[in-house]
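The values are calculated or read from the model by the stated rules, or taken from the named source; none is laboratory data. Every value quoted in this text rests on a predicted model; they were computed, and no experiment measured them. Backbone-built Cβ (ideal geometry, glycine too); neighbour counts: all protein chains shown. The accessibility values were calculated without ligands, DNA or RNA, using every heavy atom of the protein model including side chains. Shrake-Rupley method; radii C 1.70, N 1.55, O 1.52, S 1.80 Å.
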Amino acid sequence: MFCYQCEQTARGTGCTTVGVCGKTPETTYLQDLLTYSCKGLGCWAHFAAQQGVEVPTQVYSLLHAATFATLTNVNFDDARFKEYIVECHALREKVEAALKAAGVTATPPTPAGLPWFDLLPHPAAFKPSQAHLHNASIEHLVETGKKASLEHRRHVVDPTLLGLHEMICYGLRGLGAYAHHAEVLGERDASVDRFMAEGYAFLCSEDSLDLGKARQGLRSSATLAMVDATGAAGLTGMTILDRGHTTKFGHPEPTAVRISPKVGKAILISGHDLQDTYDLLVQTEGKGINVWTHGELLPAHGYPVLKKRFPHLAGNYGGAWYAQQKEFAEFPGPILMTTNCISEPKKSYHDRIWTTGEVGWPGVGHIEGKPGQTKDYSAVINKALEMPGFAWEPKEEEVKTVMTGFARNAVLGVAGEVVKAVQEGHLKHIFLVGGCDGHEPDRKYFTQVADGTPDDTLLLTLGCGKFRFYDHDYGMLPGTSLPRMLDMGQCNDAYSAIVVASKLAEVFGTDVNGLPLSLDLSWLEQKAVIILLTLLHLNVKNIRIGPKAPAFLTPESLAVIVDKWNLQVTDVKHPEADLAAMLQGH
Ligand code: FSO
Ligand code: SF4
């Protein structure tokens, strides 16, 4: 196997025997085969759209969901990957039939000579029948997956080109995730749908070879143009997700969230899905069960529809995803995992963790339900009723809370104060320190940067990177009613940060790069890749990412990006040097 899609990849180069995340070689090859199948479906859907033939929305829904399933820490269940592969080819047949019905006899291009498709037919021509796929054993699909694998491709493709192609592919994984999350909330955007197909089709096209043909053309290559287009689609993806959240649940408001236990039966909900959270809250209403958020669901507490209607949305338990094995083991109730990031469930809680949506772990319970369907959580609820729940709570005056809910509306609501603070010299710089979190000790760099930000600066944060410092007391911004640290929400709420930065730039008559603003982003997986591509598309310069550079970028491709956007890798050993440089606008 070979996988280097995330930051925690083995030795900083690639997982080759088993994933650091726990992904087996079998699951990896199935994901490779699924990606190959999505590329084929993408070719057919993109071609049909170009011909003016209507592509059923199911095709795009599947592309989003299946693509999301290949993201780090989402799905580890081989049987589910077989289902995605079968469905992918069933929908490819449907697109073929639609083309035929419209009288189109031409088929998508299947250029010969693309070195990375040398062991199987070109993805658009790779057409296993439904009967074959249904009867195929997992072992057989794994063997086919080897021929479609990244492990194979990396031996036949120039590493710089491969890395840029993979960056597009991982951008699509992040985009697929956000498009899928948006769809769960009833939102979709035709341009994002079409781009998912176009992006996959590009990776199968002759254009994608440009770099190999004309190395000197790297800076103006079709591949780099597609990197940029992926970022543009990312912005729309985050926009519709934000619309889904705020339309259904209102604009987040500054809210104190309890992080101390409270006596009573309990369910823990983790991941990013506010719709699942809402449905679970409805189904637990009046049952004497408290619902606790975990990880990326902490910001749920700031949404008015959730916080006003559900007093049993009790608080947040635990921190970032990587500590879940210990935290879940100690939680006195069942756990529902709605999206990434799942780690291998320990035996001690195997019988009280459920996955839902695209999340999967073999052998643990799964709650079914497609986007738009209300799921039935009674298995989780019954488990909570059987279990003891929290038996202890601190005295009222010792209850600890943290603040969340400083999304774009809340911050822009006090924009006047922020502008005044800048004009009066109380606010000298704005930092955005956040993103993903992970195991590596080097990630303490982000705490050191946050803790080192001077008193006359604002510290915006988001994602689960915040758990490293979310309970630190940074005081108030002098001369304002604002806390110095503002939690803007989940990783996808980078959108909120973009809106706030653009509005502030407008007020000061500059662009985002002209603001005293520094972005210091911790990354782990492919949602962070699409966020980064979106920021690059918006021409945001001087961004720092860390703790390590992506393994899929060779020094050559990194150099192009550094050259164009001055993207920097965090100096994890010298946070004070990074802080000083950021304060000077570097
Ligand atoms: Fe954290 Fe995991 Fe949101 Fe990522 S839960 S690490 S950026 O998936 O998704 O921030
Ligand atoms: Fe390794 Fe990350 Fe791939 Fe898992 S997702 S196999 S940890 S690179």
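Please report the antiparallel percentage of the DSSP beta bridges confined to region 255-398, to the nearest 5.
On the way: 1 of 18 bridges.
Once the DSSP bridges in region 255-398 are tallied, antiparallel ones form about 5 percent.
Given a Förster radius of 45 Å and the C-beta distance between Gln448 and Thr57 as r, what FRET efficiency does 1/(1 + (r/R0)^6) yield to the nearest 0.05?
Working: r = 47 Å, r/R0 = 1.04.
Computed FRET efficiency for Gln448 and Thr57 comes out at 0.45.
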Practice task
Please work out the C-alpha center-to-center distance from region 397-422 to region 524-538 and express it in whole Å.
Solution key: 25 Å
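Viscosity 0.890 mPa s, temperature 25 °C: give me the Stokes-Einstein translational D for region 255-398 in µm²/s, with Rh taken as the Kirkwood radius over C-alpha pairs. Spell out each step's value before the answer.
Numbers: Rh = 15.0 Å.
Estimated diffusion coefficient is 163 µm²/s.
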Fill in the blank from the handout: Checking region 304-368 for GluC sites (Glu not before Pro) in a loop per DSSP with at most 10 other beta-carbon atoms within 10 Å yields Glu368
Practice task
Order these peptides, 122-131, 106-115, 402-411, by their mean beta-carbon neighbour count within 10 angstrom, highest first.
Solution key: 402-411, 122-131, 106-115
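Could you do me a favour and compute the accessible area per residue for region 255-398, 1.4 Å probe, result in Å²?
On the way: 5460 Å² over 144 residues.
Solvent-accessible surface per residue comes out at 38 Å².
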Exercise for the section: Apply the Karplus parameterisation 6.51 cos²θ - 1.76 cosθ + 1.60, with θ equal to phi minus 60°, to every residue of region 500-515 and state each ³J(HN,Hα) to the nearest whole Hz, in sequence, with x for glycine and proline. Expected result: 4, 4, 5, 5, 5, 4, 4, 4, 8, x, 9, 10, 4, 6, x, 7
Practice task
Please work out whether the chain counts as rounded, prolate or oblate from its C-alpha gyration tensor, where a ≥ b ≥ c are the square roots of the eigenvalues and a/c under 1.5 means rounded, while otherwise a/b larger than b/c means prolate and anything else oblate?
Solution key: oblate
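Hey, what number do you get for the chain at 222 nm if only DSSP H runs of n ≥ 4 count, each worth -39500 (n - 2.57), divided across all residues, to the nearest 500? Could you put the intermediate results ahead of the total?
On the way: 21 runs with 260 residues, N = 586.
Helix-only estimate at 222 nm: -14000 deg cm²/dmol.
Stokes-Einstein at 10 °C, 1.306 mPa s, Kirkwood radius from Cα pairs: D for region 170-294 in µm² s⁻¹?
Values: Rh = 17.6 Å.
Calculated translational D: 90 µm²/s.
At a 1.4 Å probe, what is the % contribution of carbon and sulfur to the accessible area of the chain?
After summing per-atom areas, the C and S share lands at 54 percent.
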Exercise for the section: Express in whole angstrom the spacing between the alpha-carbon centres of region 96-111 and region 223-299. Expected result: 41 Å
Problem - 3J(HN,Hα) from dihedral phi, region 490-498, Karplus parametrisation 6.51/-1.76/1.60, rounded to Hz, x for glycine, proline - result: 7, 4, 5, 6, 3, 4, 4, 5, 5
Problem - Segment His350-Asp228, extension gain: residue separation times 0.36 nm, minus the distance between their alpha carbons - result: 39.7 nm
Fill in the blank from the handout: Listed by chain and number, the residues whose amide H is under 5 Å from that of Ile353, excluding neighbours fewer than 5 places away on the same chain and using placed H, are Ile335, Gly365
Exercise for the section: Output ³J(HN,Hα) for region 533-550: one whole-Hz value per residue in order, computed from phi by the Karplus curve 6.51 cos²θ - 1.76 cosθ + 1.60 with θ = phi - 60°, and x for Gly and Pro. Expected result: 4, 5, 5, 5, 4, 7, 6, 6, 9, 6, 6, 9, 10, x, x, 10, 6, x
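How large is the charge dipole for the chain, taken about the Cα centre, if only the Cβ atoms of Lys, Arg (+1) and Asp, Glu (-1) carry charge, to the nearest 20 debye?
Numbers: 52 positive and 65 negative charges, 61 e Å.
I would put it at about 300 debye.
Give me the number: length gained by fully extending His140 to Asp456, i.e. 0.36 nm times residue separation minus the C-alpha to C-alpha distance, one decimal in nm.
Details: separation 316, 0.36 × 316 = 113.76 nm, distance 6.12 nm.
Gain on extension, His140 to Asp456, equals 107.6 nm.
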Handout entry: Long-range HN-HN contacts of Cys3 with modeled amide H, under 5 Å
Key = Cys15
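Classify region 324-462 as rounded, prolate or oblate from the Cα gyration tensor: take a ≥ b ≥ c as the square roots of its eigenvalues, call it rounded if a/c is under 1.5, otherwise prolate when a/b beats b/c and oblate if not.
Details: a/c = 2.14, a/b = 2.03, b/c = 1.05.
Prolate, since a/c reaches 1.5 and a/b exceeds b/c.
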Exercise for the section: For Lys395 and His132, compute 0.36 nm times the residue count separating them, minus their Cα-Cα distance, and round to one decimal in nm. Expected result: 88.4 nm
Handout entry: Rounded Å value of the spacing that divides the Cα centres of region 156-213 and region 1-64
Key = 10 Å
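Please give the peptides 194-202, 88-96, 500-508 ranked by average Cβ packing (other Cβ atoms within 10 Å per residue), highest first, as a rough proxy for protection. Walk me through the numbers before you get to the answer.
On the way: 194-202: 24.6, 88-96: 19.9, 500-508: 16.8.
Ranked from most to least packed, the peptides come out as 194-202, 88-96, 500-508.
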Handout entry: Mean accessible surface per residue for region 10-247, computed with a 1.4 Å probe while every protein chain stays in place, in Å²
Key = 35 Å²
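If you count the DSSP beta bridges with both ends in the chain, what percent of them are antiparallel, to the nearest 5? Mind dumping the intermediate values first?
Values: 7 of 44 bridges.
DSSP beta bridges in the chain are roughly 15 percent antiparallel.
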Practice task
With both partners inside region 415-583, how many of the DSSP beta bridges are antiparallel, as a percent to the nearest 5?
Solution key: 5 percent
Exercise for the section: Using +1 at the Cβ of each Lys and Arg and -1 at the Cβ of each Asp and Glu in the chain, identify which of Gln275, Trp523, Val512 lies farthest towards the dipole's positive end. Expected result: Gln275
Problem - R0 of 35 Å, Cβ-Cβ distance Thr374-Ala415: FRET efficiency to nearest 0.05 - result: 0.40
Fill in the blank from the handout: Which residues qualify? For Met485, with a placed amide H closer than 5 Å and at least 5 residues away or on another chain, they are Leu459, Tyr474
Problem - Probe 1.4 Å, protein heavy atoms only - accessible area per residue of region 415-583 in square angstrom - result: 35 Å²
